[in-house]
């Protein structure tokens, strides 16, 4: 045996020893303490970082991962080896191993908390063969739970899937099958994943869906319907579990792409029923905004484009009819997407006049609370000029006294009309279109600085509403 054959033979012997240990279920502490076993474990541990033998790296992790699954005593022995060896990334699996090998590889990798694990797992999730259900679930859990955001995990998975499908001559049916398996794995993971969604989630999800589509024949038709149902079930789950995704137009565009798989025809009823459920969830989110007086026109238009105007109007009309407390203009917009032409009855005119009066009182309240030229400033000026202009000083003090009265009257009047200042100038807050008006385009929940306070009215027995919004600018 020459020198180059030594490490290989040593590795194969170590592999056989640990495999025999697993097969015989001989895990007594005294057995694990034998030099033969300890040496074999050390050889496998060192092989994890031997980049000259990529297959040995994968085999070592898989064998140690399998050992760790069958017995608690040996699990304690292999965890340290895996943690040390997996500080650096493993090579890609490629065509290495069978489904069982890949499953135990994934279990071995799960021991490590290194930063590369999330990216590696997302790529393996995309590239896993259709039959590899067990390993795919482990990869999905690692890809999501170790990622900074769900968006990052999805983007890496979509990119890896796109690269793999580009290498296949006829990828349509494979894409449907892989997309189904990926969504199934993600569905079980998302139920317990404590990871933020992250910006751009809808776009990343759309790119994943974009990898499928096309194909002819009965088999492709069946796979297309199954894949659509699986993906839409995942969308429904995401919309229910993650409130912020309700307001992401791109996720509905992804649904529109799925419906486009049947263009120029119509998707099957089973698919359309799931799309209808998604539409209901979307309008549930819009209803929450509408109750605050916010009309998210971009979101509604994206629904119309992706899901069809008739479906969207029907869902909006249902929401409007089941919530009579909504203002008429909001109900009309939900149902039609159009602005209501208001008929000014006597009550409407009275309400409008009261609102105009409230706005004037509100602006006066803001001017007084600003105190930029209030009574304290007038008295300071009066004291400064009193020595050489006593007449002017007396006039200024008289004006300051009257200003105090105006301030008292304004505060009393605002109190009777239930008006309050909303937000303090210079305050840093998260942007909310329901209560803020931005001087430039701002993303929802972005940090902004209040440049001018708003006024909120809280009428007795009715919900509070913004008389006019606080003006904000990017922080």
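The values are calculated or read from the model by the stated rules, or taken from the named source; none is laboratory data. Bear in mind that the values here come from a model prediction, so they are computed numbers and not experimental data. Cβ coordinates were reconstructed from backbone atoms using ideal geometry, including for glycine residues, and neighbour counts include every protein chain displayed.
Of all residues in segment 267-282, which are under 15 Å from residue 305 (Cα atoms) and either out of contact with any helix residue (DSSP H, G or I) (no Cβ under 7 Å at 6 or more places or on another chain) or in contact (Cβ under 8 Å) with a residue 40 or more places away in the chain (or both)?
Listed by number, the residues that qualify are 275, 278, 282.
Any idea how many residues of segment 62-88 are under 35 Å from the mean Cα position of the chain (by Cα) and assigned to a helix (DSSP H, G or I)?
Narrowing segment 62-88 to residues under 35 Å from the mean Cα position of the chain (by Cα): 62, 65-66, 68-69, 79-80, 82-88.
Filter once more, keeping what is assigned to a helix (DSSP H, G or I): 62, 65-66, 68-69, 79-80, 82-85.
Qualifying residue count, segment 62-88: 11.
Looking only at segment 247-265, filter to residues that are modelled with pLDDT under 90 and over 17 Å from residue 179 (Cβ atoms); which one of those is surrounded by the fewest Cβ atoms within 10 Å (Cβ to Cβ)?
264
Return yes when residue 144 is at pLDDT 90 or above, outside the structural domain of residue 445 (by TED's automatic domain parsing) and within 17 Å of residue 124 (Cβ to Cβ) and no when it is not.
Yes.
Looking at this structure, is residue 31 on the phi > 0 side of the Ramachandran plot and loosely packed, with under 15 Cβ neighbours inside 10 Å?
For residue 31, the condition - on the phi > 0 side of the Ramachandran plot and loosely packed, with under 15 Cβ neighbours inside 10 Å - is not met.
Among the residues that make up segment 226-233, is at least one of them surrounded by fewer than 17 Cβ atoms within 10 Å (Cβ to Cβ), assigned to a helix (DSSP H, G or I) and in contact with a helix residue (DSSP H, G or I) (Cβ under 8 Å, 6 or more places away or on another chain)?
Looking through segment 226-233, at least one residue is surrounded by fewer than 17 Cβ atoms within 10 Å (Cβ to Cβ), assigned to a helix (DSSP H, G or I) and in contact with a helix residue (DSSP H, G or I) (Cβ under 8 Å, 6 or more places away or on another chain).
Might you let me know whether segment 96-104 holds any residue that is over 15 Å from residue 19 (Cα atoms) and buried (at least 20 other Cβ atoms within 10 Å of the Cβ)? It would help to see each step written out before you state the result.
Pass one, segment 96-104, residues over 15 Å from residue 19 (Cα atoms): 96-99, 102-103.
Among the residues that remain, those that are also buried (at least 20 other Cβ atoms within 10 Å of the Cβ) are: 102-103.
Scanning segment 96-104, I find at least one residue that is over 15 Å from residue 19 (Cα atoms) and buried (at least 20 other Cβ atoms within 10 Å of the Cβ), so the answer is yes.
Among the residues of segment 31-61, how many are in a helix (DSSP H, G or I) and under 17 Å from residue 75 (Cβ atoms)?
Number of matching residues: 11.
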